[in-house]
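The values are calculated or read from the model by the stated rules, or taken from the named source; none is laboratory data. The structure displayed is predicted, hence computed values, not measured ones. Cβ sites come from the backbone with ideal geometry, for glycine too, and all protein chains shown count toward neighbours. With ligands, DNA and RNA removed, areas are computed over all heavy atoms of the protein, side chains included. Shrake-Rupley method; radii C 1.70, N 1.55, O 1.52, S 1.80 Å.
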Amino acid sequence: MASTHVDVSAAEWTSGVSFYGPGAVFRGKDIVQLKVLSDRRSEGGGIAWLARFSPPPGKLIKIVATALSDEHVFNLEGGRSTKSGAPARASGGYTLNPKGQPHSALIATETVSLVIYRGEPDEIVSLDVVDVAA
């Protein structure tokens, strides 16, 4: 098999609705966008993408999911937050959600992550926009 090369800077951001569901759009704006880097699922492999999360001002993106395969997440910019919007994990952080693991994330600032799945991507249980807790 040949190597895959992607010019990430030239690749377009696309709507995350196909993977994250209709909650990836808030008031007509894509708040979850993807750059799919590789998709080898049809060959028994996994999928890798850059994900950009853009919560509206004063809001959090709340994601609840179950890993359908091992999920590796490396935060390149931004990161996870608490309910009050305070940083919980900053850029440079790494998370592994093993297959079958229920997990969640709160995102309060624009965040870009490299997400690599060993097989199928997460089952998104819910993706909601919620108010930052006071």
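Quick notes on this one:
- Across the chain, the mean sequence separation of Cα contacts (distance under 8 Å, 6 or more residues apart), normalised by length, yields a relative contact order of 30 percent.
- Residue order by solvent-accessible surface for Lys62, Lys29, Lys35 is Lys29, Lys62, Lys35, largest first, with ligands and nucleic acids left out and a 1.4 Å probe.
- Label zone at Thr66, where the point sits 7 Å out along the Cα-to-Cβ direction: the range 95-115 residues whose backbone N lies under 12 Å: 100-103
- Average Cα contact separation per residue, the range 40-91, under 8 Å, 6 or more apart, as relative contact order %: 21 percent
- Computed over every Cα-Cα pair of the chain and binned at 5 Å starting from 0, the pair-distance distribution P(r) comes out as 2, 11, 19, 25, 22, 13, 6, 2, 1, 0, 0 percent.
- Computed with every protein chain present, the accessible area of Asp128 is close to 70 Å² [probe 1.4 Å].
- Residues Val32, Val125 ordered from highest to lowest accessible area at a 1.4 Å probe: Val125, Val32.
- Note on exposure: Val115, Val64 ranked by accessible area (1.4 Å probe, complete protein assembly) read Val64, Val115, with the most exposed listed first.
- Projecting the alpha carbon convex hull of the range 38-96 along each direction and taking the average yields 4.9 nm².
- Across the range 65-76, computed HN-Hα scalar couplings (Karplus, 6.51 cos²θ - 1.76 cosθ + 1.60, θ = phi - 60°) run 8, 10, 6, 8, 8, 4, 10, 10, 10, 10, 7, 8 Hz from first to last residue, x flagging Gly and Pro.
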